[in-house]
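As structure tokens, the structure follows; a few thoughts come after it.
Here, each number is a calculation from the coordinates, and none is a lab measurement. What you are looking at is a predicted structure, and each value in this text was computed from that prediction instead of being measured. For neighbour counting, all protein chains shown are included, and Cβ atoms are generated from backbone atoms with ideal geometry for every residue, glycine included.
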Amino acid sequence: MRVLLGVTGGIAAYKAALVLRLLKEDGHDVHVVPTAASLNFVGRATWEALSGHPAPTETFDNVPSVQHVRLGQRAEAVLVAPATADFLSQMAAGRASDLLGNALLATEAPILVCPAMHTEMWQDPSVVANVATLRSRGVTVLEPAVGRLTGPDSGPGRLPDPEDIVAALYALLGGEAPASGAVGDLGHISAQDDPKPLLGASSSALAGDGGSWGDLDGVQVLITAGGTREAIDPVRYIGNRSSGLQGFALAEAARERGATVTVIAANVTLPLGEGIRRVDVESAAELESALARETERADVIVMAAAVADYRPVKVSDSKIKKSGADGLTIELEQTPDLLKVLVALKRPDQTVVGFAAETGDASGSVAEHGAAKARRKGADLLVVNEVGDGLGFGSSTNAVLILDASGEKAGEASGSKLAVAHSILDAVTSRAGTS
Ligand code: CTP
């Protein structure tokens with residue numbers, strides 16, 4: 001199920017991280033939209049790391065993808081926790097001053113709002129009136145729990161426990177509320193447990209089928225990942241440090257968004273998620289043949305693999321023996337630039353994305369080398385990342401600059417490789433108009 005989690009600026013914002021974790025453990029795909037004020041309590045990096053998606057705040061954070069409409073329209077359930085008094089007033093007035101306000105107006109999904117504030121505020125006539133207005137419009141407003149509040153005071157106003165919030169959400173969607181229990185104990189709700197039709201969500205969605213947000217529904221995405229190995233002899237090769245993590249994250253992200261995904265994996269030992277087709281290759285030549293077979297049907301081709309630029313001219317049939325004290329010279333030849341070939345052969349309806357692993361040097365910075373490469377390669381988009389000194393290769397996070405074919409900035413992203421993958425796909429969809 002696709003859940004939009006709005007977080008507003010209250011001290012209980014930290015509890016929303018536990019709600020998010022429970023939902024993720026049940027297999028749901030959660031996008032977090034924090035308000036600017038809430039970032040004083042829990043930072044954006046937490047939401048991005050836990051959800052695996054960017055966590056934008058402002059309507060203007062990513063205008064081309066029309067995310068304020070997309071997030072609202074694609075959500076199957078919307079949850080706001082904690083909801084401040086100010087947020088209740090904004091929502092009751094139908095104001096769209098930030099991304100969360102916009103998304104709430106754009107959604108037709110069931111909405112659960114979980115207020116948290118001091119007792120006096122909760123009982124103030126203006127708050128009571130706003131809650132009544134929201135309820136009269138079909139919004140479910142959860143009663144706050146009674147207990148200790150931020151200061152020494154206590155009374156109604158506490159944000160209910162994360163398990164109770166998740167149970168209330170499932171109940172709203174027509175499912176049976178799971179027994180509150182330990183974290184991770186909620187996954188027993190399934191289509192079989194719940195014979196009733198659900199409001200605004202399918203039974204499988206409630207069971208957490210990881211349903212996509214769908215802006216790549218029906219799109220064929222081909223991704224190369226990992227690093228090629230060029231044989232020297234039967235036991236040795238020339239390789240590189242690419243782990244395949246970013247390419248595999250792109251595959252996961254594209255599948256989440258509804259694409260049909262094929263990965264050509266060059267020497268990657270990692271597993272791929274269900275529903276993703278995998279073709280394993282070793283050398284640049286094998287990658288070239290696999291691409292020749294697979295590109296025809298692809299709408300989007302992402303060359304995340306680190307392809308060797310040089311390979312031995314001759315591969316020895318038997319293990320090369322050490323002879324005396326002499327060194328060894330291996331003659332190398334250039335491999336074809338596969339990305340350039342893809343760009344030259346691409347159909348107008350195809351989008352080709354290249355990667356550039358760069359280290360700055362005396363002749364230019366990472367961004368300068370990236371812009372020059374974007375113009376040289378001619379790919380629709382070039383994802384530039386700085387590598388070396390623990391950056392990029394093998395790390396679970398990444399920071400990239402996304403350039404268009406003329407070397408102009410088309411986006412940038414940092415965070416988990418999954419979050420970066422989604423930003424790259426955002427750039428693809430806004431460029432290709434597929435969203
Ligand atoms: N690439 C390719 N075929 C090659 C070498 C690279 O298709 N023989 C692709 C990579 O998959 C990547 C992009 O080209 O998408 C850039 O790779 P990179 O190694 O950064 O660029 P190079 O062209 O090799 O340039 P240089 O090594 O000189 O920086």
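Listing for the model above:
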item	result
Stretchable slack from Thr140 to Ser414, in nm (0.36 nm times residue separation minus alpha-carbon distance)	95.1 nm
In the stretch 220-432, lysine pairs with alpha-carbon atoms under 18 angstrom apart (chain gap of 8 or more, or interchain)	6
Leading residue at positive end of dipole, the chain (Cβ point charges), from Ala85, Ser38, Asn240	Asn240
Fewest-first ranking of Ile301, Ile238, Ile165, using other Cβ atoms within 10 Å as the exposure measure	Ile238, Ile165, Ile301
Within a Gaussian network of the chain (alpha carbon springs, distance under 10 Å), most fluctuating of Ala405, Ala129, Ala77	Ala129
Lys, Arg +1 and Asp, Glu -1 on Cβ, resulting dipole of the chain about Cα centre, debye, nearest 20	520
Residues whose placed amide H lies under 5 Å from that of Asp161, excluding near-sequence neighbours	none
Other-chain or far-sequence residues with amide H under 5 Å of Val279's (modelled H)	Val263, Ile264, Ala265
Fewest-first sequence of Lys15, Lys340 by Cβ atoms within 10 Å of each Cβ	Lys340, Lys15
Candidates Asp317, Asp124, Asp217, ranked by Gaussian network fluctuation over the chain, Cα under 10 Å, top entry	Asp317
Förster radius 51 Å - calculated FRET efficiency between Arg293 and Asn40, Cβ distance, rounded to 0.05	0.45
Between helix 284-294 and the chain: long-axis angle, C-alpha atoms, 0 to 90°, nearest 10	60
R0 of 35 Å, Cβ-Cβ distance Ala96-Thr119: FRET efficiency to nearest 0.05	0.70
Helix axis angle, 366-377 relative to the chain longest principal axis, alpha carbon, degrees	70
Rounded to 5, percent antiparallel among DSSP beta bridges of the stretch 220-432	40
The stretch 112-179, dipole about Cα centre (Lys/Arg Cβ +1, Asp/Glu Cβ -1), debye to the nearest 20	200
Cα-based shape type of the stretch 220-432, given that a ≥ b ≥ c are square roots of the gyration tensor eigenvalues and the cut on a/c is 1.5	prolate
The stretch 19-121 shape via C-alpha gyration tensor axes, a/c threshold 1.5	rounded
Binned Cα-Cα distance frequencies in the chain - 10 Å width, integer %	4, 20, 27, 21, 14, 9, 4, 1, 0, 0
Surrounding net charge for Asp217, when Lys and Arg each add one and Asp and Glu each subtract one, Cβ distance under 13 Å	+2
Residues Glu274 and Asp349, FRET efficiency given R0 of 22 Å [Cβ-Cβ distance, rounded to 0.05]	0.20
Residues with amide H under 5 Å from that of Ala259, placed H, sequence gap 5 or more	Leu216
Inter-label distance, nm, simple model (7 Å from Cα along the C-beta direction), Asp317/Ser406	5.6
Nearest 10 degrees, 0 to 90: helix 13-25 Cα axis against the chain principal axis	60
Considering only the chain, percent of DSSP beta bridges that pair antiparallel, nearest 5	35
J(HN,Hα) series, the stretch 99-111, from Karplus relation 6.51 cos²θ - 1.76 cosθ + 1.60, nearest Hz, glycine and proline x	5, 4, x, 5, 4, 5, 6, 7, 8, 10, 6, x, 10
Net length gained if the chain between Tyr310 and Val341 were fully extended (0.36 nm per residue, minus Cα distance)	9.5 nm
GNM flexibility winner over the chain from Met121, Met303, Met91 (Cα, springs under 10 Å)	Met121
Per-residue Cβ neighbour rank within 10 angstrom, fewest leading, Lys322, Lys373, Lys24, Lys314	Lys322, Lys314, Lys24, Lys373
